[in-house]
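Encoded as C-alpha cells, the structure appears first; notes follow it.
The values are calculated or read from the model by the stated rules, or taken from the named source; none is laboratory data. Predicted model only: the values in this text are computed from it and were never measured. Cβ: placed from backbone, ideal geometry, glycine included. Neighbour counts: every protein chain shown.
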Amino acid sequence: MKKYITLILLTILLVSCIQPNPSFKEEEISILPKPSSIQIDKGSFKVEEDTKIVFQDKTQEKAVNYLTGLFNKAAGFNLEVVDNKVEDAIVFEKIEGLKEGAYKLEVSPTSIHAKASEENGFFNAVQSIRQLLPTEIESKEKVSIDWFVPSVTIEDEPRFQWRGMHMDFSRHFFNIDEVKDFLDNMALYKLNTYHMHLTDDQGWRIEIKKYPLLTEKGAWRTPNNQDTICMDKSVENKLFAIDESNFKEVDGERKYGGFFTQEQIKEIVAYADDRCITVIPEIDMPGHFKSAIDNYPFLSCNGESGWDTVFTYPTCLGKETTYEFMKNILAEVVGLFPSEFVHIGGDEVNIASWEVCPHCQKAIKEHGLKDEHELQSHFNRDIEQFLQSKGKKFMGWDEIVTGGLTKSANVMWWRNWFPNSPKIAAENGNGVVVTTTAAYYFDYLNEGTTLERVYNYEPIPADFTTEEEANVLGIQANLWSERIPSYKRLQYQAFPRMLAVAENAWASKENKDFEIFNNNVEKQYNRLDALGVYYYVPAVKGLDKEIAFVDETAISLDLAYELEGTEIYYTLDGSIPTKESLKYDAPFVVNDTIEIKARAYRGDIYNDLKSTKILHKEYTEPVNVTIKEKGLKQWVLKGKRKEVSDIKIPKTTNFTKVDSIALGDLKDKKRFSVVYQGYFKAEKDGVYEFETRSDGGDELFIGKEMVVDNSGWHGPRKRYGKIALKKGLHPITIKYRPSDKPRVIEAKFGLQGEELIAIDSKVTGY
C-alpha cells in the first residue's frame with residue numbers, strides 16, 4: 001500500500017513539474033489599437049533570464065533594442081541576442097509583402113515569432129508583445145514576477161500611415177524629459193508622427209544660430225493673460241500650476257519661457273527615431289510671428305510689432321528681407337529634422353496690414369496677383385520651392401488652400417466648418433491630414449469632446465471619392481497649450497482620448513466597435529498607472545447648474561461614466577474637497593443656501609473641480625386667467641435693436657399665433673426683433689428650469705421676473721435659469737434680438753433634474 005501511495009505522490013509531483021504555462025482568457029487581454037485579427041490560443045510563453053532573441057538584420061534592430069531595454073529595466077534580464085536559430089526563443093523573422101507598419105505575431109508556449117517586412121512592422125509587433133506582458137514591464141526598477149506572454153496569433157496592419165500627436169510649446173513650454181516620456185507613450189499605442197509647434201506669437205522655442213535674439217529675447221515673455229488664467233485656476237487645481245523652472249530674470253524682469261537648443265532637438269529626434277516616430281517641425285509663418293518681429297522689427301510692414309483686433313501683425317510679404325529671413329531659419333531647421341515634411345503654419349493671418357502696405361501692394365501688382373490671399377499663396381510657393389531644394393515637402397494649415405495650391409503641397413485640415421478645404425486639396429492631389437476641432441483638439445475639455453465622440457468620428461468626409469480618399473495621409477490630435485501649463489495637465493487632456501486616436505488611425509472602419517474599445521481602455525488604466533500617466537478621471541455629474549429649493553432638495557451625484565476604483569468626495573462649506581472630505585455614497589438632502597464642491601479620485605489622480613450654489617426660492621403664484629387659444633403670440637418688430645432690453649412689448653393685436661418657438665422663415669429677414677408672449681402651464685408645484693438657445697441675444701421672463709438672461713452679442717449659445725412655480729398658469733415672455741445672420745431661437749423647460757423639452761402649444765396658451 002505504501003508503494004502505491006509513494007507512486008501516486010511521485011506522479012502528482014511529476015505532473016506539477018511539467019504543468020504547462022497558464023492560459024489566458026479574452027477578457028484578460030487588451031491590445032490597443034485593436035489588431036486586424038487576433039486568435040487566443042492555449043498556454044503562454046515564459047520569458048526568462050536565459051531566453052534568447054534571434055536577430056536577422058538591421059530592420060529589426062530598433063524593435064530588438066526596445067524589447068531588451070524593457071526587460072533590462074523591469075526584470076533585470078540581459079537577454080542575449082543571437083543570429084542563429086535556437087529553441088525557446090523570441091524570433092524576429094523578415095517576410096516580404098506586408099505594408100509599412102504591418103506585422104504578424106505568433107506566440108506559443110515554446111516560442112514567439114514576430115514577422116514583418118520592415119522596421120516599423122517589427123517595432124509595432126514589440127508594442128503588442130509589450131501590452132501582452134504584465135503591466136510591471138513598464139517599471140523603471142527590477143520586479144520579481146513571472147513574465148508570461150499569452151499564446152496568440154495576430155495579423156495586423158494600419159489604416160493610415162500618419163498617426164499623429166501634436167504639442168504646442170509656444171503658449172506653454174515642456175522640457176526634454178517630458179517630451180521623451182510622451183514619445184514613449186505614443187510608441188506604446190503605435191502612434192508614429194510627433195508634430196512640434198515650436199514658434200508662435202507667445203514664444204520662440206528653437207535655437208536659430210543666425211538669429212540669436214529669437215531665443216535670447218523671443219523665448220521669454222512677461223507673464224500674459226494665458227499665464228494668469230492658469231495661475232488663478234491653480235488655486236483650486238494644482239494641474240494648472242506653472243513650473244517655477246520656466247521663469248527666470250531677463251533684464252531685471254521675471255519672465256516666462258524656455259527653448260530647445262539645437263543639440264536638444266537632435267536628441268529628441270534621435271529618441272523618437274529609436275521608437276519609429278517621425279518628428280515634424282512647425283515654424284509658423286507669415287502670421288503668428290510676433291515673437292520674431294518683436295526682436296527683428298524690419299520684418300513687419302511698418303516696423304511695428306503687436307496685436308491688431310484679433311491676431312498679431314504678420315510679416316511683410318513685399319520685402320525681400322522677409323523671404324531671406326524665413327529661408328535662413330528653415331535652412332537650419334531642415335538640418336535638424338530628417339522628416340519628409342516641414343510645417344510652415346500659414347493659419348489665421350491678419351491681412352489688414354498688407355492691404356495698406358505699399359510694399360505688399362507693389363508685390364501684388366508686380367506678380368499679377370488678384371488680392372492679399374494670393375500674395376500669401378505666392379509666399380507659400382516661394383517657401384515650398386526652397387524646401388523642395390532641400391529635399392523636403394511643404395505642409396500648412398488648411399487656410400493655405402485659399403489663394404491656390406501647388407500640386408505638391410500638403411494640408412492639415414483643422415477647420416471642420418470649412419469642409420471645402422480638404423475637398424479642394426484632395427481633388428488637387430494634395431496630401432491631407434485630418435485634425436479637426438470636431439474631434440481632435442485635445443485642449444478642449446473631455447466633457448465636451450468625449451472619448452466616445454473622438455472614437456466614433458470618421459475622419460474621411462463622406463463626399464470623398466476613392467481617389468480623394470487615397471490622398472488622406474492620416475489623422476492627428478492637437479494639444480494647444482494656452483490652458484495647459486504643466487505636463488500633468490497635458491496628460492490629463494490627452495489620456496485616454498489618445499487611445500481613441502490610435503485606434504481610429506490604425507483600425508479599419510469595419511473593425512471598430514466603441515463598446516469593445518471602451519472595455520479595452522478600462523484594462524489599460526493599470527498600465528497607465530505603471531507608466532505614471534496622469535489621465536482624465538470621469539467628471540462628477542449633478543453639480544453642472546445651480547440647484548434651487550423651496551423647502552429642501554435631494555442632491556444626487558454620479559460619474560460621467562463608470563471607472564473602477566473611482567470615488568467621489570465633496571464639501572458643503574465651499575472648501576476644496578480632498579480624500580479626507582465627505583465621501584459620496586448616496587443622495588443627501590440640503591435645506592440651506594450653501595455651496596457644494598466635488599471631485600472624483602482614482603488613487604491619487606483627481607479631476608477638475610465641480611461646484612454649484614444651492615439657492616432658496618419662494619413659490620410664484622399662478623394667475624387667474626382663461627386660455628382661449630393654445631400656443632403663443634408672436635410679434636416680429638422691424639428695425640435693429642442694440643440690446644435685447646431695448647425691445648418693447650407691443651400692445652397691438654397685430655400678432656401671429658405660433659405653436660412653437662423657432663426661427664422658421666425669419667432666417668431670410670434682416671434688421672428685426674421678435675417677441676413671444678402668452679401663458680405657461682405648470683402641471684404641478686415645483687422648481688422649473690427654463691433654457692434658451694439663440695444667436696444675437698434673448699431674455700425669458702415669467703411674469704416680471706427675468707428667469708433666463710441670454711443677452712449680449714454672441715453666436716448660438718445656451719443659457720438657463722430656475723424658478724419655483726405653483727401649479728397653474730404663469731405669464732411668459734421671450735424677447736429675441738438676432739445677430740446679423742439670424743440662425744436660431746429655441747426655448748425649453750422641465751422640472752429640476754428632469755429632461756428638458758421644447759416649449760410649445762402643449763404647455764402654452766393665450
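Any chance the stretch 303-310 includes a residue that's touching a residue at least 60 places away in the same chain (Cβ under 8 Å) and assigned to a loop (DSSP other than H, G, I, E, B)? Checked against the condition, which is being touching a residue at least 60 places away in the same chain (Cβ under 8 Å) and assigned to a loop (DSSP other than H, G, I, E, B), the stretch 303-310 yields no hits at all. Consider the stretch 679-706 and keep the residues that are small (Gly, Ala, Ser) and touching a Lys or Arg at 6+ places or on another chain (Cβ under 6 Å). The one that is surrounded by the fewest Cβ atoms within 10 Å (Cβ to Cβ) is Ala682. Among the residues making up the stretch 159-183, those that are out of contact with any Lys or Arg (no Cβ under 7 Å at 6 or more places or on another chain) and under 22 Å from Leu105 (Cβ atoms) are Arg159, Phe160, Gln161.
Matching residues to (1) under 26 Å from the mean Cα position of the chain (by Cα); (2) modelled with pLDDT of 95 or more:
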site	(1), (2)
Ser300	no, yes
Gly306	no, no
Glu340	yes, yes
His343	yes, yes
Ser353	no, no
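Counting only strands (runs of 3 or more DSSP E) wholly contained in the stretch 19-111, the ones carrying 2 or more residues that are of a type outside the set (Val, Ile, Thr) and under 22 Å from Glu155 (Cβ atoms) occupy 37-47, 89-94, 103-108. Would it be correct to say that Asp200 is surrounded by 24 or more Cβ atoms within 10 Å (Cβ to Cβ), assigned by TED's automatic domain parsing to the domain that holds Tyr487 and not hydrophobic (A, V, I, L, M, F, W, C)? So Asp200 passes the test.
All of (1) among the acidic types (Asp, Glu); (2) closer than 30 Å to Met412 by Cα; (3) within 25 Å of the chain's Cα centre (by Cα) hold for Asp232 with one exception: (2).
Quick grid of which residues meet (1) among the hydrophobic types (A, V, I, L, M, F, W, C); (2) outside the structural domain of Ile208 (by TED's automatic domain parsing); (3) closer than 16 Å to Asp201 by Cβ:
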position	(1), (2), (3)
Trp307	yes, no, yes
Thr321	no, no, no
Leu336	yes, no, no
Glu340	no, no, no
Cys357	yes, no, no
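Return yes or no: is Lys423 assigned by TED's automatic domain parsing to the domain that holds Pro461, in contact (Cβ under 8 Å) with a residue 60 or more places away in the chain and of a type in the set (Lys, Arg)? Criteria not met by Lys423. Listed by position, the strands (runs of 3 or more DSSP E) contained in the stretch 630-689 that have at least 2 residues being in contact with a Ser or Thr (Cβ under 8 Å, 6 or more places away or on another chain) are 632-638, 672-682. Looking only at residues in the stretch 556-597 that are assigned to a strand (DSSP E or B) and exposed (fewer than 12 other Cβ atoms within 10 Å of the Cβ), which one is modelled with the highest pLDDT? Ranking the candidates gives Val589 first.
Going by the structure shown, is Ile90 at pLDDT 95 or above, buried (at least 20 other Cβ atoms within 10 Å of the Cβ), closer than 18 Å to Lys34 by Cβ and not assigned by TED's automatic domain parsing to the domain that holds Ala502? Criteria not met by Ile90. Inspection of the stretch 311-319 identifies no residue that is assigned to a helix (DSSP H, G or I) and in contact (Cβ under 8 Å) with a residue 60 or more places away in the chain.
Of the residues making up the stretch 638-648, those that are crowded, with 16+ Cβ neighbours inside 10 Å and at pLDDT 95 or above are Val644, Ile647.
Among the candidates Pro587, Pro577, the residue that is under 25 Å from Tyr688 (Cβ atoms) and within 37 Å of the chain's Cα centre (by Cα) is uniquely Pro587. Tyr4 satisfies every condition listed in (1) touching a Leu at 6+ places or on another chain (Cβ under 9 Å); (2) aromatic (Phe, Trp, Tyr); (3) at pLDDT below 90 except (1). Is at least one residue of the stretch 265-283 touching a helix residue (DSSP H, G or I) at 6+ places or on another chain (Cβ under 8 Å), of a type in the set (S, T, N, Q), crowded, with 16+ Cβ neighbours inside 10 Å and touching a residue at least 40 places away in the same chain (Cβ under 8 Å)? Yes, the stretch 265-283 contains at least one residue that is touching a helix residue (DSSP H, G or I) at 6+ places or on another chain (Cβ under 8 Å), of a type in the set (S, T, N, Q), crowded, with 16+ Cβ neighbours inside 10 Å and touching a residue at least 40 places away in the same chain (Cβ under 8 Å).
Just checking, does the stretch 172-187 include any residue being part of a loop (DSSP other than H, G, I, E, B), in contact with a strand residue (DSSP E or B) (Cβ under 7 Å, 6 or more places away or on another chain), within 20 Å of Glu138 (Cβ to Cβ) and not assigned by TED's automatic domain parsing to the domain that holds Ser117? There is no residue in the stretch 172-187 that is part of a loop (DSSP other than H, G, I, E, B), in contact with a strand residue (DSSP E or B) (Cβ under 7 Å, 6 or more places away or on another chain), within 20 Å of Glu138 (Cβ to Cβ) and not assigned by TED's automatic domain parsing to the domain that holds Ser117. Just wondering, is there one or more residues in the stretch 247-261 that are free of Cβ contacts under 8 Å to residues at least 12 places away in the same chain, under 15 Å from Arg483 (Cβ atoms) and not assigned by TED's automatic domain parsing to the domain that holds Asp608? Scanning the stretch 247-261, I find no residue that is free of Cβ contacts under 8 Å to residues at least 12 places away in the same chain, under 15 Å from Arg483 (Cβ atoms) and not assigned by TED's automatic domain parsing to the domain that holds Asp608, so the answer is no. Residues that are under 18 Å from Ala548 (Cβ atoms) and touching a residue at least 24 places away in the same chain (Cβ under 8 Å) number at least 3 in the following strands (runs of 3 or more DSSP E) confined to the stretch 701-755: 717-725, 745-751.
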